[in-house]
Amino acid sequence: MTSSRTNPEGPTDPEGLTGSAAWELLLPAASAPARARGRSLQAALREAVRSGRLAPDTRLPSSRDLAADLGVSRGLVTEAYEQLTAEGYLRSGRGAGTWVGGAVRAARPRARDLAPRSPGARADFVPGTPDLSLFPRAAWAAAQRGVLAESPHEMLGYPDPRGLPRLRTALAELLARRRGVVADPERLVVVSGVAQATALLGFVLHARGTRTVGVEDPGSPQHGALYASAGVGTVALPLDDEGLAIGPLRASGVRVVVTTPAHQFPTGIAYSARRRAQLLDWARSVDGLVFEDDYDGDFRYDRAPVGALQGLDPEHVAYAGSVSKSLAPGLRLGWLLVPDSLADEVVERKRTMDLGHPTLDQALFARFLERGDYDRQLRRCQRAYRQRRDALVDALEEHFPGAQVTGIAAGLHVIAELPEKYGPQEDFLERAASAGVAVRPLSAYAHARVDDAVVRLVLGYAQLSPGRIRAGVGLMADAVRT
């Protein structure tokens with residue numbers, strides 16, 4: 001094979017495209033079936049440029065020479081050169097030959113997985129993840145087959161940005177029945193989880209002139225980042241024993257506040273009836289908005305779940321929820337119910353954001369709701385998580401006598417404050433980590449610096465079996481005693 005080492009338009013390539021390199025890179029493509037040979041040759045050249053094996057400013061052989069060496073037609077090589085030149089991988093000039101372009105950068109050798117995990121943990125008590133093994137695979141697959149069989153072709157087109165009417169109707173019935181929500185399907189928007197609902201509302205508020213919103217302290221670290229992406233800042237507001245403290249809220253000057261009233265994350269406080277009423281009085285007095293993140297409101301163990309705040313004043317409360325705790329976070333499926341005054345702007349922003357949620361996923365979930373499968377899943381999870389909560393409370397009592405455990409009435413995590421002898425907290429966390437126990441302190445969710453002399457832990461239990469919970473607490477206790 002012939003090649004040139006002289007580049008009249010750029011730096012000299014020290015290697016060129018030698019015969020052996022050409023055979024190594026391109027011979028498999030030349031051996032492909034005749035109908036696929038052209039596409040295979042183009043793909044092989046494209047990948048060689050992407051990977052850096054053909055460096056920028058490398059001169060390629062003439063189409064005649066390369067065709068002769070590979071045993072293919074010259075027209076096939078010419079077509080490959082022309083296609084990759086049009087795409088920007090190669091460049092050519094009259095009488096100057098064909099060269100590897102300089103616009104391409106070598107691709108990374110593999111795709112990284114940035115999913116949040118606790119690698120190597122023997123026991124993972126970090127809250128926020130349900131037991132993914134409880135996902136109802138058989139029922140979900142049956143619903144999927146049914147949807148594919150019954151759905152008209154038109155459903156595969158661009159959907160209403162709010163979501164399929166069938167799903168919004170089924171969701172409205174579910175939320176009214178289980179969460180006491182005033183659910184108008186016309187004001188309900190299907191979203192990719194509460195994270196998208198938060199960002200979506202943030203963009204609409206920013207367009208209306210809102211520059212700051214209040215958030216609970218301690219609270220979810222996600223809220224600040226999501227609002228920041230929409231150009232909205234956050235003001236940390238303290239809690240007391242009943243929920244968000246009203247005095248600091250009024251003094252802050254904000255007119256929008258984000259809350260988790262059913263089971264505050266992470267403290268586990270269920271807002272009192274008095275505090276719920278005070279919060280709504282504040283919203284009315286400033287013509288403000290309460291954004292209710294129904295984090296894990298479906299799971300209550302001492303009585304029926306407390307109804308959503310939105311049911312008391314649907315014109316001053318926006319309500320969001322998802323299937324992340326009841327089914328799986330990977331489904332990226334949730335809902336946002338907004339006051340009538342915001343509905344049109346939220347729907348328009350959702351339309352420009354992604355043109356609507358995937359229609360097959362929506363139809364599948366609608367069928368899942370209509371047939372009662374979702375209610376059965378919630379009952380199944382309720383039983384499993386109650387057992388795990390009980391196992392965690394018992395294990396803490398056994399291995400950490402004197403520990404104060406709160407937030408146990410609802411949700412998927414508890415707060416454990418350990419006796420002073422287990423402090424300081426930093427040492428405790430280092431020893432737990434060395435034993436392979438992933439655990440997060442309450443201070444990790446605080447906006448302001450807090451005293452860490454006392455060990456206060458946020459312990460998620462949903463993702464662990466009762467046996468692994470007991471073993472994990474035992475590992476943690478053994479680590480901090482040594």
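The values are calculated or read from the model by the stated rules, or taken from the named source; none is laboratory data. Keep in mind that what you see is a predicted model, and the values were worked out from it rather than measured. Here the Cβ is made from the backbone with ideal geometry for all residues, glycine too, and neighbour counts use every protein chain on show. Heavy atoms of the whole protein, side chains included, go into the accessibility calculation; ligands, DNA and RNA do not. Shrake-Rupley method; radii C 1.70, N 1.55, O 1.52, S 1.80 Å.
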Worksheet entry | the range 382-428 - percent of accessible surface contributed by carbon and sulfur, probe 1.4 Å | 44 percent
Worksheet item: How much length, in nm to one decimal, is gained on full extension between Leu360 and Arg50, taken as 0.36 nm per residue of separation minus their Cα-Cα distance?
Response: 108.1 nm
Worksheet item: In nm², what is the average projected area of the convex hull enclosing the Cα atoms of the range 186-272?
Response: 6.1 nm²
Item to complete: Would you mind getting me the FRET efficiency between Ser73 and Asp344? Use the beta-carbon distance for r and R0 = 60 Å, nearest 0.05.
Response: 0.50
Worksheet entry | Ala236 paired with Ala121, simple spin-label distance in nm, labels 7 Å along Cα-to-beta-carbon | 2.3 nm
Response to the item:
Per 5 angstrom bin, beginning at 0 and ending with the bin that holds the maximum distance, the Cα pairs of the range 143-234 fall in percents of 3, 12, 15, 16, 17, 17, 11, 5, 4, 1
Worksheet item: When ranked by the protection proxy of mean other Cβ atoms within 10 Å per residue, highest first, what sequence do the peptides 284-290, 432-438 form?
Response: 432-438, 284-290
Worksheet entry | Calculated FRET value between Tyr158 and Ala96, using beta carbons and R₀ = 51 Å, to 0.05 | 0.65
Worksheet item: ³J(HN,Hα) across the range 400-406 via Karplus (A = 6.51, B = -1.76, C = 1.60, θ = phi - 60°), whole Hz, x for Gly/Pro?
Response: 10, x, x, 5, 9, 10, 10
Practice prompt. Relative to the longest principal axis of the C-alpha atoms of the chain, give the angle of the C-alpha long axis of helix 425-434, reported between 0 and 90° and rounded to the nearest 10°.
Written response: 50 degrees
Worksheet item: Once label points are set 7 Å from the Cα along Cα→Cβ at both Arg383 and Ala103, what is their separation, rounded to one decimal in nm?
Response: 6.1 nm
Item to complete: Normalising by the residue count of the chain, find the relative contact order in percent from Cα pairs under 8 Å and 6+ residues apart.
Response: 17 percent
Worksheet item: Under 5 Å between amide H atoms, partner at least 5 residues away or on a different chain: which partners does Val235 have, H built in plane at 1.01 Å?
Response: Val213, Gly214, Val215
Discussion item. Highest mean first, how do 135-142, 119-126 rank when packing is the count of other Cβ atoms within 10 Å averaged over residues?
Written reply: 119-126, 135-142
Item to complete: Along Cα→Cβ, 7 Å out, is where each label goes; now give me the distance between the ones at Thr352 and Glu87 in nm to one decimal.
Response: 3.4 nm
Item to complete: Measure nothing fancy, just the Cα-based angle from helix 359-370's long axis to the longest principal axis of the chain, in degrees from 0 to 90, nearest 10.
Response: 30 degrees
Worksheet, complete the sentence: With -39,500 (n - 2.57) per DSSP H segment of 4 or more residues and division by the full residue count of the chain, the 222 nm estimate, nearest 500 deg cm²/dmol, is -13500 deg cm²/dmol
Worksheet item: What order, most packed first, do the peptides 89-102, 332-345 have when packing is the mean number of other Cβ atoms within 10 Å of each residue?
Response: 332-345, 89-102
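Might you tell me the accessible area per residue for the chain, computed with a 1.4 Å probe and given in Å²?
Here the per-residue accessible area is 46 Å².
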Worksheet entry | Hull volume in cubic angstrom per residue (convex hull over the Cα atoms of the range 35-75) | 70 Å³
Worksheet item: From the residues Leu174, His153, Gly193, which one has its Cα farthest along the dipole of the range 94-198 in the positive direction, the dipole being from +1 and -1 charges on Cβ of Lys/Arg and Asp/Glu about the Cα centre?
Response: Gly193
Fill in: Within the accessible area of the range 267-358 (1.4 Å probe), percent carbon and sulfur
51 percent
Worksheet, complete the sentence: Placing +1 on each Lys and Arg Cβ and -1 on each Asp and Glu Cβ in the chain, then taking the dipole about the Cα centre, the residue among Ala251, Pro339, Val100 whose Cα reaches farthest towards the positive end is Val100
Worksheet entry | Square roots of five times the Cα gyration tensor eigenvalues for the chain, Å | 53, 30, 24
Item to complete: Restricting to the range 279-355, compute how many DSSP beta bridges are antiparallel as a %, nearest 5.
Response: 50 percent
Discussion item. Compute the helix-to-body angle for 74-87: its Cα long axis versus the longest principal axis of the chain, expressed 0 to 90° and rounded to tens.
Written reply: 40 degrees
Discussion item. I'd like the antiparallel share, as a percent to the nearest 5, of DSSP beta bridges with both residues in the chain.
Written reply: 60 percent
